Amino acid sequence: MNIAAVAGVLPAHRYSQPELIQAFRAYWEGYPEQQAFLERLHARTGVDFRHLAFPVERYPQITSWGEANNLWIEAALDLGERALSCALQRAAIAPSAIEALFVVSVTGVASPSVDARLIDRMGLSHGLKRIPIFGLGCVAGAAGLSRAADYVKAYPKGVAALLAIEICSLTLQKDDLSTANLIASGLFADGAAAVLVTGAEVASSGPGILDTRSVFYSATEDVMGWDISEKGFRIVLSPEVPEVVERNLAGDVDRFLADNGLSRHEIGTWILHTGGPKLLQVSARTLGLSETALAPSWECLARMGNLSSASVLFVLEEYVMNRRPTPGTLSVLAAMGPGFCSELLLLRW
């Protein structure tokens with residue numbers, strides 16, 4: 001099983017964090033205490049720029065969840081097509097060669113699902129196995145990659161695709177002045193990423209997927225996710241998230257590696273989800289990593305913010321396109337998200 005190509009795409013509307021702070025000041029006009037708190041929170045997110053699916057002035061005009069979701073479908077199809085087309089071009093694979101398409105998102109819903117809407121639009125096979133996955137949140141990029149690997153493990157001559165699409169900007173709730181929503185308003189952004197995974201009998205020069213691991217943590221369902229009402233998605237983001245990561249991540253990684261006859265010191269690169277400064281700091285500390293070990297994750301966070309499920313795939317793209325490790329290097333790709341849970345992949349370059 002190999003990763004044949006990775007491609008991340010971002011919307012055209014790019015804003016600096018100070019520009020967005022000014023927009024939020026106008027958005028939440030009349031709440032001076034929250035505005036001051038918001039500025040302090042946004043200054044500590046580690047984010048320099050973010051891309052939005054629509055111009056920033058468009059968002060105050062959205063009046064209902066139905067309207068927001070229709071805009072999500074519009075943006076998801078555009079970004080999804082761009083990301084998947086780019087990955088196919090990089091791998092020199094025809095759209096019709098994809099046998100299974102996994103689409104992950106937690107920021108909008110569609111039926112027919114995005115994968116169905118892309119078939120005629122992109123010339124995908126009419127025999128395509130479609131697997132839309134909703135609800136995994138930030139862990140979905142890694143989990144979707146694992147499920148694509150499962151597919152080509154069963155079908156070694158096959159090609160599977162993962163498409164992660166998140167339009168986080170459309171989930172913002174104007175009447176939610178909670179700390180969680182204020183943090184989200186300064187951290188999350190929009191983007192999509194596609195990964196092509198090929199079976200063992202398909203020639204590929206990309207990194208091999210040696211093993212995967214899914215871990216669920218009991219009694220953590222209220223740590224992260226959405227409360228869903230007639231107004232749409234209201235974020236659940238507990239301050240316990242860093243503690244859950246610190247309690248579990250190192251042990252999960254060690255057990256996963258031990259089952260493959262390995263230990264942490266044999267891992268050459270770490271491809272971690274860009275959850276935010278606290279999560280990256282906690283992850284580095286609990287794994288015993290140097291400050292530079294997670295540099296690509298920090299750089300992606302600064303350049304584009306947290307893209308939920310797509311984030312870890314942008315970090316993977318950074319390694320594939322710009323920092324390709326020497327052949328034989330082992331990598332761990334990891335993300336955590338609602339459940340609360342973790343997903344781990346072991347790669348060899």
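Laboratory data are not the source of any read-out in this text; all were calculated from the coordinates shown. All of these numbers come straight from a predicted model, not from anything done at the bench. FYI the Cβ positions are ideal-geometry reconstructions off the backbone, even for glycines, and counts take in every protein chain you see.
Here are the numbers for this structure:
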| item | result |
| --- | --- |
| Hits in the range 109-144 (condition: in contact with a Lys or Arg (Cβ under 9 Å, 6 or more places away or on another chain), free of Cβ contacts under 8 Å to residues at least 24 places away in the same chain and assigned to a helix (DSSP H, G or I)) | ALA116, ILE119 |
| Among the candidates GLU81, GLU74, residue that is of a type in the set (D, E, K, R), without any contact (Cβ under 8 Å) to a residue 40 or more places away in the chain and out of contact with any strand residue (DSSP E or B) (no Cβ under 6 Å at 6 or more places or on another chain) | GLU74 |
| For ARG234: the one exception among (1) basic (Lys, Arg); (2) farther than 24 Å from LEU177 by Cα; (3) not in a helix (DSSP H, G or I) | (2) |
| Candidates ALA335, ALA284 - the one that is under 23 Å from PHE216 (Cα atoms) and part of a helix (DSSP H, G or I) | ALA284 |
| Residue among SER311, SER342 that alone is polar (S, T, N, Q) and in a strand (DSSP E or B) | SER342 |
| Condition check for GLY66: out of contact with any Asp or Glu (no Cβ under 6 Å at 6 or more places or on another chain), under 16 Å from ALA189 (Cα atoms) and not β-branched (Val, Ile, Thr) | no |
| Odd one out for SER290 among (1) of a type in the set (Gly, Ala, Ser); (2) at positive phi; (3) surrounded by fewer than 20 Cβ atoms within 10 Å (Cβ to Cβ) | (2) |
| Breaking point among (1) more than 29 Å from MET336 (Cβ to Cβ); (2) buried (at least 18 other Cβ atoms within 10 Å of the Cβ), for LEU84 | (1) |
| Positions within the range 191-210 being in a loop (DSSP other than H, G, I, E, B) and surrounded by 24 or more Cβ atoms within 10 Å (Cβ to Cβ), in sequence order | PRO207 |
| Single residue of LEU163, LEU210, LEU172, LEU187 found to be in contact (Cβ under 8 Å) with a residue 12 or more places away in the chain and more than 26 Å from ASN69 (Cβ to Cβ) | LEU210 |
